[in-house]
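Colleague: Got a structure here, written out as structure tokens. Questions coming.
The values are calculated or read from the model by the stated rules, or taken from the named source; none is laboratory data. Just so we're clear, the structure is a prediction, and the values are computed from it rather than from any experiment. In this analysis, Cβ positions are derived from the backbone assuming ideal geometry, glycine residues included, and neighbour counts consider all displayed protein chains. These area figures cover heavy atoms from the full protein model, side chains too; ligands, DNA and RNA do not enter into them. Shrake-Rupley method; radii C 1.70, N 1.55, O 1.52, S 1.80 Å.
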Amino acid sequence: MDRPALQGPGGPHPDVGRRSVLGRADFSRLLASIRTAGYRIVGPTVRDGAIVYGPIEAESDLPVGWTDRQEAGTYRLERRADGALFGYNVGPHSWKKYLFPSRERLFTAHRKGASFSIDAEPADDAPTAYLGVRACEVAAIRIQDRVFVGGAAVDPGYAARRRRVLLIAVQCAQAGGTCFCVSMGTGPGVTDGFDLALTERIEGDRHEFLVEVGSERGAQVLVGVPLRPADADDVAAMVATVDRTARSMGRTLDQNGIHDLLLGRLDDPEWEKVGERCLACTNCTMACPTCFCHSTEEVPNLDASQVERWRRWDSCFNLGFSELHTGSVRTTIPSRYRQWMTHKLASWFDQFGSSGCVGCGRCITWCPVGIDLTAEVRAIRSNAAAGRPPAAGGSG
Ligand code: SF4
Ligand code: SF4
């Protein structure tokens, strides 16, 4: 991936690792500087009762003084007593909506007599600053990097967009109701993969951001922004923030031996049980920051002189997703849930060398019936420990 080099031939850029403090009153100066450097900014904003990602033109677009309350199948916005800019966790959107858009034209073919020509789609590679990327989301982007540009077949649109991202991370100052990033080793602290990382600190009259530089690109956008050098107290406060968040995380997912556990329990009775609740609505896969399944479709014009190929998000919960020449392979909802969870938590290791889950909790919050994959893993573990036999008829 063509990312800013953290370490060039002469060693790391001198500013990488530098920590400074930005006062709340100067936050808009940071936004202005990012824009002056040529980036459009996208980040968290309140829309339709949720914190979603959209254009940020001014700091008033941010969810100032809002927080989210999440539980399985539940999401509510509430007012905070302070004016925190990043006092929430993650919402229904993830950064994949920019890097891997839900619908994207790939190319257009034009008929020319008995032949045809193809116009490739120009890449939308406008430099873009992603403001407010959480640790689990940095991990999710790293996973999608592996999928889209880490192998022999490179997705040109993803690669072009990814190359021009200025990634501004934010340390989580509270755990969300459905998060379990600690179990997945993906958070809550952001340790690398960012251009800048912010830690918001609100104590009494103090409202500041500790700013850590992660790349030369990040250092460049700080030029001219009023900062003071961070002292030991500032750094200790950042460490304490991340520690507190980690300690308050309510959910866990035991990853110990999970690959063999899940793939060895394909007939576990839990698949049938969860399949009775699952609506196959696909919400979990749409909200998941790592799910990348998609379909392509050809869209001809009326006189068939031109056809466009579009890619759109698809889901392994859709009946048609496993359609082969004789029909769908996974005809039942239990088999589709099993496919999703065993891929995400087990066979993803075989395919990409890591789990496909970063513990963001979105699939739990946005499941309309509150299905919780951490509870599903626990149920399968307990069935395995008890030696429970498969359900009659299995889940195929
Ligand atoms: S599977 Fe669920 S918790 Fe894991 S990354 Fe996807 S949405 Fe987040
Ligand atoms: S697990 Fe929940 S969100 Fe996912 S398809 Fe089933 S009902 Fe929908």
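Colleague: When the stretch 68-100 is examined, which residues are found to be assigned to a loop (DSSP other than H, G, I, E, B) and under 13 Å from the mean Cα position of the chain (by Cα)? Reasoning before the result, please.
Modeller: Applying the first criterion (assigned to a loop (DSSP other than H, G, I, E, B)) to the stretch 68-100 yields 72-73, 80-95, 100.
The answer is ASN89, VAL90, GLY91, PRO92, HIS93, SER94, TRP95, PHE100.
Colleague: Suppose the filter is away from ligand 1 (no atom under 16 Å from the Cβ) and surrounded by fewer than 22 Cβ atoms within 10 Å (Cβ to Cβ); does ILE168 pass it?
Modeller: On the way: away from ligand 1 (no atom under 16 Å from the Cβ): yes; surrounded by fewer than 22 Cβ atoms within 10 Å (Cβ to Cβ): no.
Spelling it out, it is not the case that ILE168 is away from ligand 1 (no atom under 16 Å from the Cβ) and surrounded by fewer than 22 Cβ atoms within 10 Å (Cβ to Cβ).
Colleague: Consider GLY204 carefully, then state whether it is out of contact with any helix residue (DSSP H, G or I) (no Cβ under 7 Å at 6 or more places or on another chain) and either outside the structural domain of TYR88 (by TED's automatic domain parsing) or within 16 Å of ligand 1 (Cβ to nearest atom) (or both).
Modeller: Values: out of contact with any helix residue (DSSP H, G or I) (no Cβ under 7 Å at 6 or more places or on another chain): yes; either outside the structural domain of TYR88 (by TED's automatic domain parsing) or within 16 Å of ligand 1 (Cβ to nearest atom) (or both): no.
In short, no.
Colleague: Sort out which residues of the stretch 352-383 are away from ligand 2 (no atom under 13 Å from the Cβ) and either of a type in the set (D, E, K, R) or part of a loop (DSSP other than H, G, I, E, B) (or both), and write them in order of number.
Modeller: Matches in the stretch 352-383: GLY353, SER354, SER355, GLY356, CYS357, VAL358, GLY359, CYS360, ARG378, ARG381.
Colleague: Same structure again: So how many residues does the stretch 271-300 have that are away from ligand 1 (no atom under 11 Å from the Cβ) and crowded, with 21+ Cβ neighbours inside 10 Å?
Modeller: 3
Colleague: Cβ-Cβ under 7 Å, sequence separation 6+ or interchain: first residue in the stretch 274-293 and of a type in the set (S, T, N, Q) and more than 10 Å from ligand 2 (Cβ to nearest atom), partner open to solvent by less than 20 Å² (accessible area, probe 1.4 Å) and not in a loop (DSSP other than H, G, I, E, B). Which pairs?
Modeller: Filtered contacts from the stretch 274-293: THR290/ALA140; THR290/ILE143; THR290/GLN144.
Colleague: Taking the stretch 311-350 as the search range and keeping residues that are assigned to a helix (DSSP H, G or I) and away from ligand 1 (no atom under 16 Å from the Cβ), which one is nearest to SER295 (Cα to Cα)? If you could, list the steps in order and put the result at the bottom.
Modeller: Here is the first cut: in the stretch 311-350, the ones assigned to a helix (DSSP H, G or I) are 319-322, 333-350.
From what is left, the residues that are away from ligand 1 (no atom under 16 Å from the Cβ) are 319-322, 333-335, 350.
Numbers: LEU319: 13, GLY320: 10, PHE321: 8, SER322: 11, ILE333: 20, PRO334: 22, SER335: 20, ASP350: 23 Å.
Residue satisfying both the conditions and the ranking: PHE321.
Colleague: Let me ask you something else. List every residue pair whose Cβ atoms sit under 6 Å apart, with the two residues 6 or more apart in sequence or on different chains, where the first one lies in the stretch 337-360 and is within 19 Å of SER315 (Cβ to Cβ) and without any contact (Cβ under 8 Å) to a residue 24 or more places away in the chain and the second, anywhere, is open to solvent by less than 30 Å² (accessible area, probe 1.4 Å) and within 16 Å of ligand 2 (Cβ to nearest atom).
Modeller: These pairs meet every condition: GLN339/CYS316; TRP348/GLY356.
Colleague: Residue under question is THR241, and the condition is that it be touching a strand residue (DSSP E or B) at 6+ places or on another chain (Cβ under 7 Å), under 29 Å from GLU137 (Cβ atoms) and open to solvent by 60 Å² or more (accessible area, probe 1.4 Å); does it hold? Give the derivation first.
Modeller: Values: touching a strand residue (DSSP E or B) at 6+ places or on another chain (Cβ under 7 Å): yes; under 29 Å from GLU137 (Cβ atoms): yes; open to solvent by 60 Å² or more (accessible area, probe 1.4 Å): no.
In short, no.
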